[in-house]
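Each remark here refers to the structure printed beneath this line.
The values are calculated or read from the model by the stated rules, or taken from the named source; none is laboratory data. The structure presented is a predicted model; accordingly, all values stated were derived computationally and were not measured. For neighbour counting, all protein chains shown are included, and Cβ atoms are generated from backbone atoms with ideal geometry for every residue, glycine included. Protein only, heavy atoms only, side chains kept; ligands, DNA and RNA dropped before computing areas. Shrake-Rupley method; radii C 1.70, N 1.55, O 1.52, S 1.80 Å.
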Amino acid sequence: MNQTFSRRRDRLLTYRAMREGNITSSRRTKCAACGEESPRLEWERKLQVCPKCGFHAPVGAYYRLSNILDPGSFQELEGNLSPADPLAFPGYSAKLAGLEEETGLKDAAVTALGRVDGHKAVFSVLDSRFLMGSMGTAVGEKIARAAEYAEKKKLPLVIFSASGGARMQEGIFSLMQMAKTAAAIQRFQSRGGLYLSCLTHPTTGGVTASFASLGDIMLAEPGALIGFAGPRVIEQTIKEKLPEGFQRAEYLLDHGFLDRIVPRSEWRSVLAQLLALHEKGGQP
Amino acid sequence: MSRYTPEEKVKLARRPDRPGTADFIGALFTDFFEQRGDRLCGEDGSILGGIARFHGRPVTVIGHRKGKNLEENLTCTFGMPSPEGYRKAQRLMRQAEKFGRPIITFVDTPGAYPGKEAEERGQGEAIAQCLALMSALEVPVISVVTGEGGSGGALALAVANRVLMLEHAVYSVLSPEGFASILWKDASRADEACGVMKLTAQDLRRGGIVQGVLREPEDGAHTNWAAVFRTVDAALTKELAALDKLKGPALARQRYEMFRAMGQGLPPAREEEP
């Protein structure tokens, strides 16, 4: 546990040093979208956005939080909540253990209390390195608890989604997390809570069809794939090619499902503005 | 109860000659007045809904409709709703709450329609809003899974105070074909998927996902519709009487707490400060 924590801290400090130009490196990183190589330091200065084409590469939950929260304000909540294996699905427990070892995450969601430019809020961030950020019972429980905690403390809730949808290995119990999270968000909102839903690449399936689509304000990162059915399934169903840009954030904005597209470098200022606008009396 | 294997049950649940939503409405309700359209842009035949009387009492009834012949199948997209269908359902449920009518839903769908237009009009958002709305309704809601309960498209009509299932109906996170294709990259292993998915009414009852299993005739619901109608009628009557004892906020609370508790084996929320 402590080892995981110090490894994570070291990694985040390294990234910060890269951004601040305190490290030199000749390594180059290839973009998964355009295939071009750019210096690793340049990627990091752009917060893991391709310097050539602007592709927003998926990033881990702790990394994202470290870029958004005020330094020193991060306090993890429910950090020990571990996943269950309700179907006793063959190989699942071993897979979970391997992923925990590899990523330092118990499951695909991290919840924390933190501040953005001084404004306090509850944050939940899905991490696509952990089984595609899919929602099983632990992720559903974490989102529900985040909403309940935010309500109890009268704080806004900010969720960054990145998910392939329901977690197949937990079967029907995963499906029920859609009802559970939607209910928790609904209750939080009906009691006056502010929920900012931030969609990142990719957000699909049961996560799109539950808490991710229920934000008071809907935001997304450029180019993020956002949808219910995946593009491959749709193409198989309708037997035709989908248009360029289909289900991308820009497409959703055009179709009325988003308030705004937020480049990665602007999350802090946009969230700070929105949190400030919702503070009592409109004043900090 | 288990003379059929899970894969046999999937086949039974999908039989086109099983009674569907329109059949249940015709047999169990009187005075049915169909309501159409989402009041935004369209009408979706794959969700059938309206006002009717159940033993004389006005209720709102909503369900998936697969259609009984090819022509109907096509207008109903084989029971796979588009956002218009889910938004129509939301409209009908809000109205039911306004007029204090209980809501009864019949669930029978392979899943929400995975099409281009459905995505453009916000399939995910439409389902999410159904879930959120149903979770807080202050009228009794009873759902009966009559055939296939496929994925979020089924759950969108099944956030109920009581979820009942016919004995050979199935209810799952995804179709067995989709499940096998995602996990094993091989849709032909669907039969194997049926075995591990725990999608039968009996498994779901044990897992606390459904609250009642309704017995079917020996060889399945398609062999004796009248018997199925009697069973469903009796179950709805009983559950409705039980829910009538709860006031509006208590109904919403019971439903919330029931779904809130669905996640087995997790430790309780910690009370202490971070």
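Worth a mention:
- Residue-level analysis places A:Leu175 outside the set of residues that are more than 21 Å from B:Ser151 (Cα to Cα), without any contact (Cβ under 8 Å) to a residue 40 or more places away in the chain, in a helix (DSSP H, G or I) and in contact with a strand residue (DSSP E or B) (Cβ under 9 Å, 6 or more places away or on another chain).
- Selected residue [under 17 Å from the mean Cα position of the chain (by Cα) and hydroxyl-bearing (Ser, Thr, Tyr)] from B:Thr75, B:Thr109: B:Thr109
- Any hit, segment A:160-172, residues being of a type outside the set (Asp, Glu), open to solvent by 10 Å² or more (accessible area, probe 1.4 Å) and not in a helix (DSSP H, G or I): yes
- None of A:Val116, A:Val125 is under 16 Å from A:Thr203 (Cα atoms), in contact with a Leu (Cβ under 7 Å, 6 or more places away or on another chain) and crowded, with 24+ Cβ neighbours inside 10 Å except A:Val125.
Results for (1) within 14 Å of chain B (Cβ to nearest Cβ); (2) touching an Asp or Glu at 6+ places or on another chain (Cβ under 6 Å); (3) not aromatic (Phe, Trp, Tyr), shown as yes or no for each residue.
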| site | (1), (2), (3) |
| --- | --- |
| A:Cys31 | no, no, yes |
| A:Val49 | no, no, yes |
| A:Gly60 | no, yes, yes |
| A:Tyr92 | yes, yes, no |
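- Residue check, A:Leu113 aliphatic (A, V, I, L, M), at pLDDT 95 or above and assigned to a strand (DSSP E or B): yes
- Taking the criterion of being open to solvent by 20 Å² or more (accessible area, probe 1.4 Å) and on the phi > 0 side of the Ramachandran plot, the only residue of segment B:207-259 that qualifies is B:Gly208.
- Checking A:Phe246 against (1) outside any helix (DSSP H, G or I); (2) in contact (Cβ under 8 Å) with a residue 24 or more places away in the chain; (3) in contact with a Lys or Arg (Cβ under 8 Å, 6 or more places away or on another chain), the condition it does not meet: (2)
- Those helices (runs of 4 or more DSSP H) lying entirely in segment B:1-85 with at least 2 residues open to solvent by less than 10 Å² (accessible area, probe 1.4 Å): B:6-13, B:21-28
- For segment A:186-243, the tally of residues that are without any contact (Cβ under 8 Å) to a residue 40 or more places away in the chain, under 14 Å from A:Gly165 (Cβ atoms) and in a strand (DSSP E or B) stands at 2.
- Subset tally (residues that are buried (at least 18 other Cβ atoms within 10 Å of the Cβ), in contact with a helix residue (DSSP H, G or I) (Cβ under 6 Å, 6 or more places away or on another chain) and not β-branched (Val, Ile, Thr)) for segment A:258-271: 2
- Within segment B:152-177, considering residues that are in a helix (DSSP H, G or I) and in contact (Cβ under 8 Å) with a residue 24 or more places away in the chain, the one surrounded by the fewest Cβ atoms within 10 Å (Cβ to Cβ): B:Pro176
- Scanning segment B:121-151 for residues being farther than 21 Å from B:Thr60 by Cα, open to solvent by less than 10 Å² (accessible area, probe 1.4 Å) and either part of a helix (DSSP H, G or I) or more than 11 Å from chain A (Cβ to nearest Cβ) (or both) gives a total of 2.
- Selection within segment B:106-120 - under 25 Å from B:Lys68 (Cβ atoms) and either open to solvent by 10 Å² or more (accessible area, probe 1.4 Å) or within 11 Å of chain A (Cβ to nearest Cβ) (or both): B:Asp108, B:Pro110, B:Gly111, B:Ala112, B:Tyr113, B:Pro114, B:Gly115, B:Glu117, B:Ala118
- Per-region count, segment A:73-90, residues open to solvent by less than 50 Å² (accessible area, probe 1.4 Å) and within 10 Å of chain B (Cβ to nearest Cβ): 11
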